[in-house]
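Undergrad: I have a structure here, written as structure tokens, and I will follow up with some questions on it.
The values are calculated or read from the model by the stated rules, or taken from the named source; none is laboratory data. Not measured: the values here are computed from a predicted model. So basically every Cβ, Gly included, is an ideal-geometry build from the backbone, and we count neighbours across all protein chains shown.
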Amino acid sequence: MKNICWKVCFYNLVNDDTVEETCYESIEDISKAYPKIPLHTWRNICLGRSKVYDRFLSVIKDTKTV
């Protein structure tokens, strides 16, 4: 069985340090945690289609087998 974990990292724009790093089970969970960005935008960020947020936000899909 595969478990998918979405790792969300926020970066400081001044010195590129990691400000916050959290893991979520689905894109909907990410959207609920950060409601200022709509769900369809989170989907585009997770799929790598949105380059606007690359400077301060990255989302990595991590697959773990149990």
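Undergrad: When residue 23 is evaluated against the numbered criteria (1) surrounded by 11 or more Cβ atoms within 10 Å (Cβ to Cβ); (2) part of a loop (DSSP other than H, G, I, E, B), which criterion, by number, is the only one it fails?
TA: (2)
Undergrad: Being in contact with a Leu (Cβ under 7 Å, 6 or more places away or on another chain) and surrounded by fewer than 10 Cβ atoms within 10 Å (Cβ to Cβ) is the filter here; which residues of the range 26-50 pass it?
TA: none
Undergrad: Every residue in the range 1-21 that is more than 11 Å from the chain's Cα centre (by Cα), over 13 Å from residue 57 (Cα atoms) and in contact (Cβ under 8 Å) with a residue 40 or more places away in the chain, please.
TA: 1, 2, 3, 4
Undergrad: When you scan the range 22-66, how many residues do you find that are in contact (Cβ under 8 Å) with a residue 60 or more places away in the chain and not aliphatic (A, V, I, L, M)? Reasoning before the result, please.
TA: Within the range 22-66, the subset in contact (Cβ under 8 Å) with a residue 60 or more places away in the chain is 63-66.
Now narrow it down to the ones that are not aliphatic (A, V, I, L, M): 63-65.
Residues in the range 22-66 being in contact (Cβ under 8 Å) with a residue 60 or more places away in the chain and not aliphatic (A, V, I, L, M): 3 in total.
Undergrad: So how many residues does the range 15-40 have that are under 17 Å from residue 4 (Cβ atoms) and of a type in the set (Ser, Thr, Tyr)?
TA: Number satisfying all stated conditions: 4.
Undergrad: Among residues belonging to the range 53-65 that are loosely packed, with under 11 Cβ neighbours inside 10 Å and over 13 Å from residue 10 (Cα atoms), point out the one that is modelled with the lowest pLDDT. If you could, list the steps in order and put the result at the bottom.
TA: Step one: filter the range 53-65 for residues loosely packed, with under 11 Cβ neighbours inside 10 Å, giving 55, 62-65.
Checking the rest, the ones that are also over 13 Å from residue 10 (Cα atoms) come to 62-65.
On the way: 62: 89, 63: 83, 64: 70, 65: 56.
Among those residues, the one meeting the criterion is 65.
Undergrad: Considering only the range 1-20, state which residues are part of a loop (DSSP other than H, G, I, E, B) and either of a type in the set (D, E, K, R) or in contact with an Asp or Glu (Cβ under 6 Å, 6 or more places away or on another chain) (or both).
TA: Keep residues of the range 1-20 that are part of a loop (DSSP other than H, G, I, E, B), which gives 1, 12-17.
Of everything in the range 1-20, those that are part of a loop (DSSP other than H, G, I, E, B) and either of a type in the set (D, E, K, R) or in contact with an Asp or Glu (Cβ under 6 Å, 6 or more places away or on another chain) (or both) turn out to be 16, 17.
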